[in-house]
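Peer 1: Let me give you the structure first, and then I'll get to my questions.
Just so it is clear, none of the values below were taken in a lab; they were calculated from the coordinates. Quick caveat: nothing in here was measured; it's all calculated off a predicted structure. Please note: Cβ atoms are built from the backbone with ideal geometry, for glycine as well, and neighbour counts cover all protein chains shown.
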Protein chains: 2
Amino acid sequence: MSSAVILGDWGTSRLRLFRMDGDKVAARAEGPGIGALDGPAVVALRAALAELIAPGAEARIILCGMAGSRNGLVEAPYAECPAGLAEWRYQAARTVVDGAEVRVLPGLACVTPAGAPDVMRGEETQIFGAMALDPALAQGRHVIALPGTHCKWAVVEDGKVAGFQTWFTGELYALLAQHSTLARAGTDEGGREEGFQAGLERAASDPDLSGALFTARAAQLREGRSHGWALGYLSGLLIGQEIGAASQGEAVTLVGAPALTNAYVRAMAARGITSRVLDGEQCALAGLQLHGNAA
Amino acid sequence: MSSAVILGDWGTSRLRLFRMDGDKVAARAEGPGIGALDGPAVVALRAALAELIAPGAEARIILCGMAGSRNGLVEAPYAECPAGLAEWRYQAARTVVDGAEVRVLPGLACVTPAGAPDVMRGEETQIFGAMALDPALAQGRHVIALPGTHCKWAVVEDGKVAGFQTWFTGELYALLAQHSTLARAGTDEGGREEGFQAGLERAASDPDLSGALFTARAAQLREGRSHGWALGYLSGLLIGQEIGAASQGEAVTLVGAPALTNAYVRAMAARGITSRVLDGEQCALAGLQLHGNAA
């Protein structure tokens, strides 16, 4: 019996494991994200693995994402941009869990045009996976945006990640929606679409975020807007401003979960920016397989 | 025995009561803010009042701030801008607590240059108080900024509040410092000054906030920056961007607590903007006395 191949995307909020049968997913398991662990990472990994393989079974495990952070399973380095597949693959960290070899893929690091340091862990696997799924992406220059808790905008040039920058949009939205005075205590969830549109319009006319946020609250007090409208406004404002700041007008390949990429497609269309969407999970699997196949 | 005069500033986070002896503060008491109540507002008011006057004593009580909000003691209206002293004074709400007459001062409402609604509750009292303390402010056009949980930038023209806009800076900083992944888990509190300066510089070169926030984390991971540096960076970034967006270069009168107004003075100086500072509590008392004296 040949050894099982387990691929995994272990981010801040979720662990997703896939037992592969060639190029197909034969079974899945989930576990807590690195940011949600209440004990050693290896214990959480073992629990999720037990759903996919018998204890002690021969297996090769390949993980990307926060699994390689300081608080993860084993610290993996950052490959410096510009980084191609070779530079990235070369720097995987290795460990052993219950006899199974585990490789944890490196993240990427760069310096942004503003001269600031930036890092990613996990999105690089989706980027290399996207180029594997669509070889045209690996030729010439392309802009890839990966919405999520943090949205990474990357430029790839002839198959290498030339550089990238992080927008804090997803986490900022969650903070404002869950903890701020802007969206408190509403019950009427209608009006989201109209609010999203209003947020996009505000972003298009004004790049200043901090001076636009309070409108979410004032519009509830003064214009009878709903809680749902306020959440939609915040979403449209944050995504609209991100696109206004990040985009140079070039066509964008969006990689992520459909609910989120759809909002970006709409916001980009409102600015006349062409976009197309690739599924985030498929890109992650394709990127992880680049390591599985090299073993 | 004449009736006691109690002035109070009841905001989201704190109640401050002052028993006056003419123009002087004879005694003070504190209580929970409107946002921190765990029962009816009147119960909290009664508890704080008991530190200043005997139960059932004759008293006139004048309150400003969130005391007049829907969740406050009694809902007070918003006076529409442009609003002078007469329009503002006229709209106070009245109620009675244990036989004492309580007036709750109105807030102000306006429409910002971006066409969005905006409101304030409490800062208008400081603005009218500032003009009472410094009559030169009540002649001609002046810019007054009131840093706090939310920073209000107001334009006064010949003694009237012509309009204003809210920046979310203070609450946004608190959300990022307490709840985000940007400033988590550090112990080294040094480096704040250097971080503040770096945040100001980033703000001066780039008006985009969401794309600049993640530097607080990446600089810890990649450049060995401290937790204190990250907090300083966030403070400098938020204050710097606010000033960049709000200021047209005119001289600014800052009204607020010294720890906060000092940071604004420094950030304004870095952009060549002249500022001077008035104490927020003194301005609030002066504004409240405008009603006390009119009784």
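Peer 1: Take A:R14 and B:V43, extend 7 Å from each Cα along the Cα→Cβ direction, and tell me the distance between the two endpoints in nm.
Peer 2: 4.2 nm
Peer 1: Give the lysines reachable from B:K152 as a straight Cα distance under 26 Å; neighbours fewer than 8 places away on the same chain don't count.
Peer 2: B:K152 reaches B:K160.
Peer 1: Quick check: Cα centre of the stretch A:151-186 to Cα centre of the stretch B:144-161, how many Å?
Peer 2: If you average the Cα positions of each part, the centres end up 32 Å apart.
Peer 1: Tell me the angle of helix B:227-246 to the major Cα principal axis of chain B, expressed in degrees between 0 and 90 and rounded to the nearest ten.
Peer 2: The angle comes out near 70 degrees.
Peer 1: Of all DSSP beta bridges located in the protein assembly as shown, what percent are antiparallel, nearest 5? Numbers along the way, then the final one.
Peer 2: Values: 74 of 118 bridges.
So the antiparallel bridges in the protein assembly as shown amount to around 65 percent.
Peer 1: Right, next: Relative to the other copies, what are the label-point distances for B:H179, with labels 7 Å from Cα along the C-beta vector, expressed in nm at one decimal and sorted shortest first?
Peer 2: Ordered by distance, the counterparts are at 0.6 nm.
Peer 1: Right, next: Mind running the shape call on the stretch A:1-89? Use the C-alpha gyration tensor, a ≥ b ≥ c as the square roots of the eigenvalues: rounded below 1.5 for a/c, prolate if a/b tops b/c, oblate otherwise.
Peer 2: Numbers: a/c = 2.03, a/b = 1.20, b/c = 1.69.
Taking the square roots of the gyration eigenvalues as a ≥ b ≥ c, the stretch A:1-89 is oblate.
Peer 1: Follow-up. If the chain between B:A54 and B:E189 were fully stretched, how many nm would it gain, using 0.36 nm times the residue separation less the Cα-Cα distance? Walk me through the numbers before you get to the answer.
Peer 2: On the way: separation 135, 0.36 × 135 = 48.60 nm, distance 4.59 nm.
Result for the pair: 44.0 nm of gain on full extension.
Peer 1: Taking each label point as 7 Å beyond Cα in the direction of the beta carbon, state the distances from A:L37 to the same residue in the other copies, shortest first, in nm.
Peer 2: In ascending order, 4.6 nm.
Peer 1: Next up: What do you get for the angle between helix A:123-133 and the principal long axis of chain A? Use alpha-carbon atoms, 0 to 90 degrees, nearest ten.
Peer 2: Helix A:123-133 sits roughly 80 degrees off the main axis of chain A.
Peer 1: On a 0 to 90 degree scale, rounded to 10, what angle separates helix B:169-179 from the longest Cα axis of chain B?
Peer 2: It is inclined by approximately 70 degrees.
Peer 1: Taking the Cα centre of chain A as origin, sum charge times position over the Cβ atoms of Lys and Arg (+1) and Asp and Glu (-1), and report the length of that vector in debye to the nearest 20. Numbers along the way, then the final one.
Peer 2: Working: 24 positive and 31 negative charges, 39 e Å.
Result for chain A is approximately 180 debye, rounded to the nearest 20.
Peer 1: Where Rh is the Kirkwood radius over the Cα pairs of the stretch A:27-159, the temperature 25 °C and the viscosity 0.890 mPa s, what D in µm²/s does Stokes-Einstein return? It would help to have the intermediate numbers written out before the result.
Peer 2: Values: Rh = 16.1 Å.
Roughly 152 µm²/s, to the nearest whole number.
Peer 1: Local charge sum around B:Y233 (other residues, Cβ-Cβ under 12 Å, Lys/Arg +1, Asp/Glu -1)?
Peer 2: On the way: positive: B:R192, B:R202, B:R217, B:R225; negative: B:E193, B:E194, B:E201, B:E223.
So the environment of B:Y233 carries a net charge of 0.
Peer 1: Ok, one more. For chain B, what does -39500 (n - 2.57) per DSSP helix run (n ≥ 4), summed and divided by total residues, give at 222 nm, in deg cm²/dmol to the nearest 500?
Peer 2: On the way: 10 runs with 110 residues, N = 295.
Per the formula, -11500 deg cm²/dmol.
Peer 1: Right, something else. What does the extension gain come out to for B:A257 and B:R89, with contour length at 0.36 nm per residue minus their alpha carbon separation?
Peer 2: Taking B:A257 through B:R89 to full extension adds about 58.0 nm, to one decimal.
Peer 1: Among B:D188, A:D118, A:D21, B:D38, which comes first, then next, by fewest other beta-carbon atoms within 10 Å? Mind dumping the intermediate values first?
Peer 2: Values: B:D188 13, A:D118 25, A:D21 10, B:D38 7.
Lowest to highest Cβ neighbour count: B:D38, A:D21, B:D188, A:D118.
Peer 1: How many angstrom separate the Cα center of the stretch B:212-270 from the Cα center of the stretch B:3-63?
Peer 2: 34 Å
Peer 1: Taking θ as phi - 60°, what are the ³J(HN,Hα) couplings along the stretch B:115-121 by the Karplus curve (6.51, -1.76, 1.60), each to the nearest whole Hz, with x for Gly and Pro?
Peer 2: Each residue's phi maps through the Karplus curve to give x, 9, x, 8, 9, 9, 9 Hz.
Peer 1: Continuing with the same structure: Only Cα pairs within less than 10 Å get springs; with that Gaussian network setup on chain B, which residue of B:T215, B:T95, B:T181 has the largest fluctuation?
Peer 2: Of B:T215, B:T95, B:T181, the Gaussian network model singles out B:T181 as fluctuating most.
Peer 1: If you put +1 on each Lys and Arg Cβ and -1 on each Asp and Glu Cβ, how big is the dipole of the stretch A:2-125 around its Cα centre, in Debye rounded to 20? List each step's numbers first, then the result.
Peer 2: Numbers: 12 positive and 15 negative charges, 33 e Å.
Dipole of the stretch A:2-125, to the nearest 20 debye: 160 debye.
Peer 1: Which of rounded, prolate, oblate describes the stretch B:88-174, given a ≥ b ≥ c as roots of the alpha-carbon gyration tensor eigenvalues and a/c under 1.5 marking rounded, otherwise prolate only if a/b is larger than b/c? Walk me through the intermediate numbers first.
Peer 2: Working: a/c = 1.83, a/b = 1.28, b/c = 1.43.
It is oblate, given that a/c is not under 1.5 and a/b is not larger than b/c.
Peer 1: Using modelled amide H (1.01 Å from N, peptide plane; none on Pro or chain starts), what sits under 5 Å from the amide H of A:L254, excluding residues fewer than 5 places away?
Peer 2: Amide H to amide H, under 5 Å and 5 or more residues apart or across chains, A:L254 pairs with A:A145, A:R276, A:V277, A:L278.
Peer 1: Find every distance from the label point of B:G272 to the corresponding label point in the other copies (7 Å from Cα along Cα→Cβ) and write them in nm, one decimal, shortest first.
Peer 2: Once sorted, the set of distances for B:G272 reads 3.4 nm.
Peer 1: Continuing with the same structure: Which of the cysteines in the protein assembly as shown are isolated, no other cysteine C-beta under 4.7 Å?
Peer 2: A:C64, A:C151, A:C283, B:C64, B:C151, B:C283
Peer 1: Given the stretch A:114-260, what percent of its DSSP beta bridges are antiparallel, to the nearest 5? Walk me through the intermediate numbers first.
Peer 2: Values: 13 of 16 bridges.
Once the DSSP bridges in the stretch A:114-260 are tallied, antiparallel ones form about 80 percent.
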